[in-house]
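Below is one structure; the comments refer to it alone.
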Amino acid sequence: MVNVSQPDRLQHIAALPIDGIGLLRAELLAIAALDAQHPDIWLQQHREAELVERMAASIVQFAQAMSPRSVFYRSFDLRTHEFYSPKQDAPPNSVHSVLGVRGTLSYMLNPTLFKLELAAIAQVHQSGYPNVHLMLPFVRTVEEFRFCRQLVEQAGLKLNPHFQLWIMAEVPSVLLLLPDYVQAGVQGISIGTNDLTQLLLGVDRDQAQIAAAFEERHPAVKRAIAQLIQQAQDAGIPCSICGEAPVRYPELIDDLIRWGIHSISVAPEAVESTYGAIVRAERNLVLQSVRQQTQ
């Protein structure tokens, strides 16, 4: 699958040998949809209905290009150092870029924008594109997920029998509590290697002094990824990966295939090389199995 957030070259991307969009980031999508303005500006100007229309129109472009293949829309994860609110004069230096108010916690504190996103997805479904699913970012607790799931149900998204509600597996608590998340209604996970690595190793890759300690091939990170894949298999849900690690370190694909990853989502320009790496990894896995059977 591919990570994509801008509609340019969609026709080319749709023609690639892919099974859909594994990561459609709301923040990047909104740059064009909302005229490069922070969503808070639209809310302050009481332009909620227009925001929904604009976001829905943007999402439809991806849904239409990929139909009937899946599109996983990841809802807003507005980190202050990347996309700060006009309510603030500048990104607050005192707030850690990884650990600040972000992800589903921000929805609990103020659900207004998230509700508008759900309305936009519902509008896309009503337009005849049921292939758009929702992925929640930076979920810290099962309670946060339950809160979001309730809003999803209230928005009528569950009326679409094809709709899936996934979470990003990037906070280590998901690794420790995945069965509880599944019991609460999680239908799939996508591993975000960037944040998972930062949180497991206590490293902020945006800080130059310690960026060198950011290592996605660290044994702790690889073990966490393997365990997430295994737990997802045990729970009977799909597990994808959409971080940059498989592209940055193609050798990791051998491990991912061996562990049983369900899908790998990469940038469009990395599709060909990743496809080749997957084929080689699967071939090696088959050869190993044959050798073991003949011994």
Item checked: region 20-42 residues that are among the aromatic types (F, W, Y), paired with ones that are surrounded by 22 or more Cβ atoms within 10 Å (Cβ to Cβ) (beta carbon under 8 Å, 6 or more apart) -> W42/L51
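Do we have V174 as in contact (Cβ under 8 Å) with a residue 40 or more places away in the chain and either within 16 Å of the chain's Cα centre (by Cα) or surrounded by fewer than 22 Cβ atoms within 10 Å (Cβ to Cβ) (or both) here? Don't jump to the end; show me each part of the working.
Values: in contact (Cβ under 8 Å) with a residue 40 or more places away in the chain: yes; either within 16 Å of the chain's Cα centre (by Cα) or surrounded by fewer than 22 Cβ atoms within 10 Å (Cβ to Cβ) (or both): yes.
So V174 passes the test.
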Next item on the list: Among residues belonging to region 124-171 that are free of Cβ contacts under 8 Å to residues at least 60 places away in the same chain, farther than 15 Å from R102 by Cβ and among the aliphatic types (A, V, I, L, M), point out the one that is surrounded by the fewest Cβ atoms within 10 Å (Cβ to Cβ).
Entry: L159
Check: With respect to the numbered conditions (1) touching a residue at least 40 places away in the same chain (Cβ under 8 Å); (2) over 29 Å from L10 (Cβ atoms); (3) not charged (D, E, K, R), which one is the sole condition not fulfilled by P238?
Finding: (2)
Notebook entry, point to check: Does region 260-274 include one or more residues that are among the hydroxyl-bearing types (S, T, Y) and part of a helix (DSSP H, G or I)?
Noted result: yes
Checklist line | Complete set of residues in region 17-37 that are among the charged types (D, E, K, R) and assigned to a strand (DSSP E or B) | finding: R25
Checklist line | Selection status of G185, at positive phi and either among the β-branched types (V, I, T) or in contact (Cβ under 8 Å) with a residue 40 or more places away in the chain (or both) | finding: yes
Next item on the list: Tell me, yes or no, whether region 246-255 has at least one residue that is at pLDDT 95 or above, in a loop (DSSP other than H, G, I, E, B), under 24 Å from I13 (Cβ atoms) and in contact with a helix residue (DSSP H, G or I) (Cβ under 9 Å, 6 or more places away or on another chain).
Entry: no
Margin query: Could you check region 29-75 and list, in sequence order, the residues that are within 18 Å of the chain's Cα centre (by Cα) and surrounded by fewer than 17 Cβ atoms within 10 Å (Cβ to Cβ)?
Written below: I31, R69
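The values are calculated or read from the model by the stated rules, or taken from the named source; none is laboratory data. Remember, it's a predicted structure, so these values are computed and weren't measured experimentally. Methodologically, a virtual Cβ is constructed for each residue, glycine included, from the backbone with ideal geometry; neighbour enumeration extends over all protein chains shown.
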